[in-house]
Ligand code: SF4
């Protein structure tokens with residue numbers, strides 16, 4: 001049983017200016033499933049296609065981003081939703097906020113600076129459910145806020161009266177007010193200090209445990225994945241490099257890029273300098289042939305320059321795209 005099934009998804013940015021066409025292959029043949037009741041992490045450096053992937057699976061792909069191929073299907077209880085064919089009105093009425101909510105980068109700014117927090121809750125709830133009984137709405141909102149460990153007083157505050165961490169937690173509370181089946185959190189802890197970061201991550205974990213929903217957590221910060229995710233997908237240049245349960249990703253990474261990410265993590269007491277990866281992320285308007293990681297890979301072989309490695313299963317729920325790793329090899 002899956003909550004989301006993504007098959008062979010290709011989503012490119014296609015632009016035309018001064019007679020020059022440009023295609024950026026941001027998501028290039030990605031397949032993965034999300035299971036109910038899991039925290040699924042997506043990691044990778046900037047411009048690897050993480051945010052584009054989120055845009056497509058949340059129904060927010062707008063030109064110049066175009067989906068060229070593939071499928072994105074959700075199962076919400078008895079109902080299935082084809083995200084690439086659903087109408088905008090249906091998406092607005094029955095899917096956004098109610099089934100899928102989105103905590104975006106810098107979501108603190110979703111709060112209206114000139115309205116009290118309770119008014120923002122009111123705007124959102126009224127748009128989707130038409131509040132008939134104001135007292136009932138207030139009671140429900142207070143219960144939700146308390147359940148997430150936030151003081152009821154935040155509802156009567158203006159955003160500028162709250163700390164950055166508290167604003168982020170309020171934004172998460174807002175995104176979960178309808179108890180959606182899927183919460184997509186895009187870099188939810190960026191720009192927060194480590195102590196506040198910990199509180200926000202704990203809140204995400206608590207919500208997931210209380211409501212048994214699925215969280216898709218996108219961040220370049222591997223330490224965050226280590227703390228929160230059940231499974232992790234490593235993206236590189238628009239493709240999946242590796243996907244595995246978090247323990248396998250951190251204890252036995254198989255793809256050279258994943259190994260680099262794990263080896264770069266600081267270790268308490270270690271004083272030696274970490275080796276950096278040569279080169280820079282590829283230009284997705286003109287990506288390298290074969291394995292896209294080959295110009296930077298310390299183990300590159302001849303076939304890596306011409307043949308795209310398949311994403312193969314090496315054991316249950318562990319998939320790797322590298323010519324060094326063979327199917328069911330473990
Ligand atoms: Fe490195 Fe080749 Fe594996 Fe790509 S396929 S990660 S270049 S060894």
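The values are calculated or read from the model by the stated rules, or taken from the named source; none is laboratory data. Nothing here was measured: the structure is a model prediction, and the numbers come from that model. Glycine also receives a Cβ, built like all others from the backbone with ideal geometry; neighbour counts cover every protein chain displayed.
A few notes on this one:
- Of residues in region 283-307 being touching a residue at least 40 places away in the same chain (Cβ under 8 Å) and touching a strand residue (DSSP E or B) at 6+ places or on another chain (Cβ under 9 Å), the one farthest from the ligand (Cβ to nearest atom): 285
- Residue check, residue 267 within 16 Å of the ligand (Cβ to nearest atom), farther than 30 Å from residue 98 by Cβ and part of a loop (DSSP other than H, G, I, E, B): no
- Strands (runs of 3 or more DSSP E) lying entirely in region 1-104 (those with 2 or more residues that are under 25 Å from residue 168 (Cα atoms)): 39-43, 100-103
- Residues located in region 308-330, provided they are more than 8 Å from the ligand (Cβ to nearest atom) and part of a loop (DSSP other than H, G, I, E, B): 308, 310, 311, 316, 317, 326, 327, 328, 329, 330
- Residue within region 105-115 that is touching a residue at least 24 places away in the same chain (Cβ under 8 Å), within 13 Å of the chain's Cα centre (by Cα) and not assigned by TED's automatic domain parsing to the domain that holds residue 215 present: yes
- Inclusion of residue 308 among residues that are under 23 Å from residue 46 (Cα atoms) and not assigned by TED's automatic domain parsing to the domain that holds residue 43 is warranted.
- Tally of residues being in contact (Cβ under 8 Å) with a residue 40 or more places away in the chain and either out of contact with any helix residue (DSSP H, G or I) (no Cβ under 8 Å at 6 or more places or on another chain) or within 26 Å of residue 201 (Cβ to Cβ) (or both) across region 130-157: 4
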